[in-house]
Amino acid sequence: MVAHDNTVMNATITNATPSADDESTLPESTPIGTDPQRGVMSDVVPDVTPEEVPGITIASTPATATVPAEEMKPSQSVTYRPMRWNDLDDIVREFDRTWGQCSAAAGTPVSMQISRHFVLHYLEPTTRAIIAELDGRFMGVTLSRVAGEPLAFPQAKQELAAINGELNRSTLGAKTLSETEQWHEMELRMEREIDINDVARGEIELFLVAKSARGHGVGGSLWRQAMDYFANCQVARFYLHTDSSCDVSFYDHKGLNCIAARYAADHPEDGADMDDIFIYAGTPESTR
């Protein structure tokens, strides 16, 4: 999903609108299967134009260089596979690259810590995580949750507690974490007010597409695979969080409905930088 408070960070995981390119899937040479690490992710969406792809995304210098879109040769194919635990750092770096500037900690070491908090927050309830990559380089991720399914990464809960402990060791970290947790609680309140979890078993926790991958079908393919997962789990309805900093027309385009809204103008107590925040819902069959 995906919405955000400019004083904290974009917490919604899906915000963007794909172009025709995004609607055409790149070759998927790697079949999607069960993550071997499983014993057995709202908030979503960056501020993008309708020609760009959706994505809950971050920003910081990656350990592995990303491939500029113009350098992606026709012979190169994006592959899709289950996330592994060692993909976490790549996701955090991209999340910070995308939304780190929205945090009060932007430009400081705390920015990467709060980005790690966000990713782990979305990963904790996730039951399916799919990575898009090009020659081993991170291109995007979807974190999805289906109530009643086994957790993909049970260790995320302990790791989230650990990063929260690190954040609380500094004044800036503690302040940023407090603001972020208030944001999480606001989203939960919105969910409770409409009883969405009583009628929707699925949620897109995080939808993140690297900037270098946009326009190459990555976002569209990740989205369709998430819809296939929901359909295979017999999820009749799913939802996600987003906000006005993102291009919510992507969800309109996909056939989702805005079922809850919190307008900043009606809540001056939230601060001048607060965005309008929304919950969108849809059915897997009608939103591919």
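Please compute the length gained on full extension between ASP252 and ALA161, using 0.36 nm multiplied by the number of residues separating them and subtracting their Cα-Cα distance.
Here the segment from ASP252 to ALA161 would lengthen by 29.2 nm.
Mind putting together the pair-distance distribution for the range 90-184? All Cα pairs, 5 Å bins, whole percent per bin, short to long.
3, 13, 22, 22, 19, 13, 6, 2, 0
With r as the distance between the Cβ atoms of ASN168 and ALA147 and R0 = 30 Å, compute the FRET efficiency 1/(1 + (r/R0)^6) and round to 0.05.
Working from the Cβ atoms, E equals 0.45.
If you wrap the range 147-288's Cα atoms in a convex hull and average its projection over all directions, what's the area in nm²?
10.4
With a 1.4 Å probe and every protein chain left in place, work out the accessible area per residue of the range 168-276 in Å², rounded to a whole number.
Value returned for the range 168-276: 44 Å² of accessible area per residue.
Compute the orientation-averaged projected area for the range 171-222 from the convex hull of its Cα atoms and round it to one decimal in nm².
Directional mean of the projected Cα hull area for the range 171-222 stands at 5.7 nm².
The values are calculated or read from the model by the stated rules, or taken from the named source; none is laboratory data. As the structure is a prediction and not an experimental result, all values here were calculated from the model. Methodologically, a virtual Cβ is constructed for each residue, glycine included, from the backbone with ideal geometry; neighbour enumeration extends over all protein chains shown. SASA here: full protein model, heavy atoms, side chains in, ligands and nucleic acids out. Shrake-Rupley method; radii C 1.70, N 1.55, O 1.52, S 1.80 Å.
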